Amino acid sequence: MLEHIELFFKSIFVDNMVFAYFLGMCSYLAVSKKVSTAVGLGAAVIFVLTVTVPLNWFLDQYILQPGALAWIDGNRNTPELSVYADYDLSFLSFILFIATIATMVQLVEIIVEKFSPSLYNSLGIFLPLIAVNCAILGGSLFMQSREIETAGLALNYGFSSGIGWFLAIVAIAAIREKIRYSNVPAPLRGLGITFIITGLMAIGFMSFGGMLTGSGDSATPVVEELTEKVEEQQTTIEKEVKATQTVVVSELK
Amino acid sequence: MGLLSKKDTKLIKDPLLDDNPITIQVLGICSALAITAQLKPSIVMAVSVIFVLGMGNVVISLMRNIIPSKIRIIVQLIVVATLVIIVDQVLKAFAYSLSKELSVFIGLIITNCIIMGRFEAFALGNGPWRSFLDGIGNALGYGVILIIVGFFRELLGSGTLFGIKVLGDSVEKTGLYAIGYENNGFMVLPPMALIVVGIIIWVQRSKNKALIEEN
């Protein structure tokens with residue numbers, strides 16, 4: 001449970017998609033002129049990330065990882081016995097992930113259109129755009145490279161990083177609505193000032209970095225124990241090496 | 001007339017300044033900013049995008065008459081993904097540490113908006129040779145910004161270029177450091193990439209008034 005809460009806050013504030021990794025910047029800059037449209041796009045991103053990250057987690061676990069195909073002949077828990085143990089398809093991950101995302105976006109569009117026409121009208125134009133939003137593919141790729149352990153954590157990660165993106169785009173849209181009434185230097189108007197404000201917001205978000213480092217007290221004794229053990233082992237190994245050296249030297253004589 | 005007619009030269013030259021993909025068209029910022037803390041990854045990223053966009057534009061342009069327009073997004077994504085896998089595997093084979101450093105950002109070339117934008121706006125309506133030039137031009141425009149940002153962030157942030165200490169040693173206090181110069185550690189942090197690009201936009205638009213936006 002604790003790891004879920006930790007991951008949730010970490011993905012929203014510390015590893016924020018926009019402010020820490022610049023993912024989804026294209027639509028972030030293009031669709032942030034009004035708060036209402038920003039909310040629509042943000043909601044669509046949360047939705048698609050929540051669906052695609054766990055889905056791609058299953059793809060990664062059962063098809064892409066080295067030895068992941070072992071479930072085919074019933075050796076899921078003992079992959080080294082399987083005929084498929086040596087198969088490594090991880091080079092295919094880009095193409096499989098993007099295919100899942102494009103299909104899911106299409107599917108989500110059809111489902112939403114059928115069951116909730118009002119939501120479809122408000123998201124309408126944004127849904128197809130989302131297939132090429134870097135934040136979506138980025139979510140799946142980070143899930144893979146950070147080796148997230150369970151499907152539940154993957155779901156959590158997709159949902160919370162979606163919320164982080166939502167927060168960012170709504171905040172910048174609100175600021176841009178206000179800044180229209182200020183006297184910005186002419187060459188900076190529009191794009192320039194948006195970049196600089198995003199930079200300042202990112203500096204603000206960096207202060208969340210220390211939020212999760214407070215609970216490290218219980219971890220230190222373990223580390224100390226381990227270092228002591230390692231040092232002990234090193235000294236014994238050194239003694240053994242010296243002993244064998246002297247034996248060899250005496251034999252040579 | 002040589003290899004390139006006037007129209008063709010315009011295809012390459014325009015995106016470098018007055019129609020730059022990053023500062024004017026606002027495309028492809030996603031992967032541009034995160035890897036510019038140093039010069040070397042910036043250049044590798046620029047070269048990768050030049051390869052992917054040049055080749056991708058040619059492929060899409062050759063297939064433009066047989067792609068059904070309803071599924072064209074998926075077809076485009078598959079073409080880009082294939083090219084990006086080639087780049088990724090080549091990097092893993094010949095520059096492993098660099099590929100570790102760029103991590104997921106090579107994969108994110110797939111969703112780089114410049115690439116989809118050029119496919120949609122140019123390659124679907126033009127012949128292979130012109131599409132190739134357009135791809136190279138736009139990727140160069142992207143690369144120029146990346147290299148400028150990478151240059152300033154590495155020089156001011158760590159006092160090095162390509163890892164070579166050009167301003168002297170900060171620990172032994174030689175060169176500029178002897179007279180009290182200090183590195184600006186802030187430059188290597190992510191937010192400064194945004195601010196540096198903001199300043200580039202500012203400079204560019206002060207020189208060319210026609211580009212100034214409405215507030």
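Observations, loosely collected:
- Verdict on residue B:180 being within 20 Å of residue B:38 (Cβ to Cβ) and either free of Cβ contacts under 8 Å to residues at least 60 places away in the same chain or hydrophobic (A, V, I, L, M, F, W, C) (or both): no
- Hits in segment B:117-141 - residues which are hydrophobic (A, V, I, L, M, F, W, C), within 14 Å of chain A (Cβ to nearest Cβ) and either crowded, with 24+ Cβ neighbours inside 10 Å or touching a helix residue (DSSP H, G or I) at 6+ places or on another chain (Cβ under 6 Å) (or both): B:119
- Cβ-Cβ under 6 Å pairs, at least 6 apart or on other chains, segment A:109-137 side more than 13 Å from chain B (Cβ to nearest Cβ) and closer than 22 Å to residue A:159 by Cβ, far side assigned to a helix (DSSP H, G or I) and at pLDDT below 75: A:112/A:119
- Number of the exception - residue B:61 against (1) among the hydroxyl-bearing types (Ser, Thr, Tyr); (2) assigned to a loop (DSSP other than H, G, I, E, B); (3) farther than 17 Å from residue B:102 by Cβ: (2)
- Here B:105, B:162, B:186 are screened, and the one residue that is away from chain A (no Cβ under 14 Å), among the aromatic types (Phe, Trp, Tyr) and in contact with a helix residue (DSSP H, G or I) (Cβ under 9 Å, 6 or more places away or on another chain) is B:162.
- If you check A:2, A:29, A:7, A:69 for being free of Cβ contacts under 8 Å to residues at least 24 places away in the same chain, of a type outside the set (S, T, N, Q) and within 25 Å of residue A:207 (Cβ to Cβ), only one passes: A:2.
- Among (1) away from chain A (no Cβ under 14 Å); (2) of a type outside the set (Phe, Trp, Tyr); (3) within 27 Å of residue B:201 (Cβ to Cβ); (4) not in a loop (DSSP other than H, G, I, E, B), the one test that residue B:48 misses: (1)
- Residue, farthest from the other protein chains (Cβ to nearest Cβ), within segment A:176-209, restricted to residues that are open to solvent by 60 Å² or more (accessible area, probe 1.4 Å) and not charged (D, E, K, R): A:208
- Test: residue in segment A:8-18 that is under 24 Å from residue B:27 (Cβ atoms), touching a helix residue (DSSP H, G or I) at 6+ places or on another chain (Cβ under 6 Å) and of a type in the set (A, V, I, L, M, F, W, C): yes
- Restricting attention to segment A:64-86 and to residues that are closer than 25 Å to residue A:138 by Cα and not in a helix (DSSP H, G or I), the residue that is least open to solvent (accessible area, probe 1.4 Å) turns out to be A:67.
- Taken together, B:91, B:167, B:98, B:108 contain a single residue that is aliphatic (A, V, I, L, M) and open to solvent by 30 Å² or more (accessible area, probe 1.4 Å), which is B:167.
- Segment A:234-246 residues that are modelled with pLDDT of 75 or more, paired with ones that are surrounded by 10 or more Cβ atoms within 10 Å (Cβ to Cβ) (beta carbon under 7 Å, 6 or more apart): none
- Put simply, of B:144, B:196 the only residue that is within 14 Å of chain A (Cβ to nearest Cβ) and surrounded by 15 or more Cβ atoms within 10 Å (Cβ to Cβ) is B:196.
- Counted residues, segment A:30-59 - those being over 17 Å from the mean Cα position of the chain (by Cα) and surrounded by fewer than 23 Cβ atoms within 10 Å (Cβ to Cβ): 10
- Among the residues of segment B:28-78, those identified as open to solvent by 40 Å² or more (accessible area, probe 1.4 Å) and either under 19 Å from the mean Cα position of the chain (by Cα) or under 17 Å from residue B:136 (Cα atoms) (or both) are B:38, B:40, B:43, B:47, B:50, B:51, B:55, B:59, B:62.
The values are calculated or read from the model by the stated rules, or taken from the named source; none is laboratory data. Note that the coordinates shown come from a computational prediction; the quantities given were computed from them, not determined experimentally. Glycine gets a Cβ as well: all are built from the backbone with ideal geometry, and neighbour counts include every protein chain shown. Only protein heavy atoms, including side chains, enter the accessible area calculation; ligands, DNA and RNA are left aside. Shrake-Rupley method; radii C 1.70, N 1.55, O 1.52, S 1.80 Å.
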